[in-house]
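To start, the structure itself, in structure tokens.
The values are calculated or read from the model by the stated rules, or taken from the named source; none is laboratory data. Owing to the predicted nature of the structure, the values given are computational and were not obtained by experimental measurement. Here the Cβ positions follow ideal geometry from the backbone for every residue, glycine too, while neighbour counts run over all protein chains shown.
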Amino acid sequence: MKLSDRLYSFYAGIKMKKLGMYFITICSIIVIWKLTVIESGVDRLQILREALDLHKEELQLSQQQLILLEHLEANRDQKSVPTIYAITPTYYRYVQKAELTRISQTLKLVPNVHWIVVEDAEEKTNLVRNLILESKLIVTHLNAKTPPFEKFKDKERWKKHRGVEQRNAALTWLRNNLHLNIDKGVVYFMDDDNTYNIKLFQEIRKVKKVGVWPVGLVGGLNVETPILDSATGKVKGYRSGWKPNRPFAIDMAGFAINLDLMLAKPNAMFSYTMEKGLQESEFLSYFTTKEELEPLADNCTKVYVWHTRTEKPNVNGVVEGFEV
Ligand code: UDP
Ligand code: MN
């Protein structure tokens, strides 16, 4: 081979290598870009998953991206399980870390959950950020501060709306990041202080439009529940401690809405103008009618969620060096 030919093939080799490098870089960028938008379409992510798994060291994925990869791996055989989007408003007080620990560990027992944590705060806090990292759940972490005029004073707790700003921020996120008829799932408002049986999440996954079930320890009753018509099995009324004649006398913990429906009705939001105590009822009116409700939890005979409230602790002294 002539020297010029050898030189030519040498340079051609370098060119090919360079081209190869460009190709890998571009592929990596596309893969990372794809991963930053956390999607639930496991089908669509299958090839991506395999490619990522192969190159995860080189790609130096962030912890959330590695967790997503693990979840995709774990969910390989459960492609048809719809994602549950659990929306949790939360605010700083002594029991916040304890509440979030409790519910994050409940969610660890539930497959295919995407937890949307919305802090009622000017900025996201390290307390919540660290708890999320430790949980190894798939999480979208947002913040939305309740305007000062809406902050409740202790004595009139019941009078004010709580979680409005935060739930709306989560709904906006869902509508901006997920796609109608492509992403599949069910949306549930999961307050940080309630108690959840993991069986509830199996019920939530069954929701076609709007599903309902009993909620324990709420409204001055041992349980609030939809009342079913024994002939049709449909909801005909409500056993509720307060205004049972509301169109939907159901606590925030007592219903879930299919993601398709949530995305199809972009105007459905919570609002401060809704009458006090009518948030749930007015919100549900955007989506469904009483007749259409889907009774779950064994025809509304089982309690899988309790509207528990944590007592405000009496803290008289602070031991430095601890984050409780
Ligand atoms: N919440 C909030 N900011 C507040 C008060 C409440 O983000 O100023 C959250 C709280 O963490 C919970 C939800 O909103 O997840 C409902 O609040 P709470 O449990 O106090 O309401 P209740 O159960 O008494 O109706
Ligand atoms: Mn509560």
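Does residue 107 satisfy being touching a residue at least 12 places away in the same chain (Cβ under 8 Å) and over 13 Å from the mean Cα position of the chain (by Cα)? Steps first, answer last, please.
Values: touching a residue at least 12 places away in the same chain (Cβ under 8 Å): yes; over 13 Å from the mean Cα position of the chain (by Cα): no.
So residue 107 does not fit the description; no.
So if I check each of 257, 250, which one is within 26 Å of the chain's Cα centre (by Cα), assigned to a strand (DSSP E or B) and of a type outside the set (Phe, Trp, Tyr)?
257
Identify all residues within the range 134-153 that are over 14 Å from residue 166 (Cβ atoms), at pLDDT 95 or above and not in a loop (DSSP other than H, G, I, E, B); write none if there are none.
134, 135, 138, 139
Any chance the range 245-257 includes a residue that's farther than 14 Å from residue 303 by Cβ, surrounded by fewer than 20 Cβ atoms within 10 Å (Cβ to Cβ) and at pLDDT 95 or above?
No, the range 245-257 contains no residue that is farther than 14 Å from residue 303 by Cβ, surrounded by fewer than 20 Cβ atoms within 10 Å (Cβ to Cβ) and at pLDDT 95 or above.
Does residue 193 satisfy the condition of being more than 21 Å from residue 141 (Cβ to Cβ) and surrounded by 15 or more Cβ atoms within 10 Å (Cβ to Cβ)? Before the answer, list the steps.
Details: more than 21 Å from residue 141 (Cβ to Cβ): no; surrounded by 15 or more Cβ atoms within 10 Å (Cβ to Cβ): yes.
So residue 193 does not fit the description; no.
Kindly check whether there is at least one residue in the range 115-127 that is assigned to a helix (DSSP H, G or I) and of a type outside the set (D, E, K, R). Spell out the reasoning first.
Of the range 115-127, the ones assigned to a helix (DSSP H, G or I) are 126-127.
Okay, now just the ones that are also of a type outside the set (D, E, K, R), so 126-127.
Checking the range 115-127: at least one residue is assigned to a helix (DSSP H, G or I) and of a type outside the set (D, E, K, R).
List the residue pairs whose Cβ atoms are under 6 Å apart, where the first residue sits in the range 273-302 and is farther than 10 Å from residue 248 by Cα, the second is surrounded by 12 or more Cβ atoms within 10 Å (Cβ to Cβ) and among the small types (Gly, Ala, Ser), and the two are 6 or more positions apart or on different chains.
286/268; 294/211; 296/211
Applying the selection to the range 161-217, what residues are within 12 Å of ligand 1 (Cβ to nearest atom) and of a type in the set (A, V, I, L, M, F, W, C)?
Across the range 161-217, the qualifying residues are 164, 169, 170, 189, 190, 215, 217.
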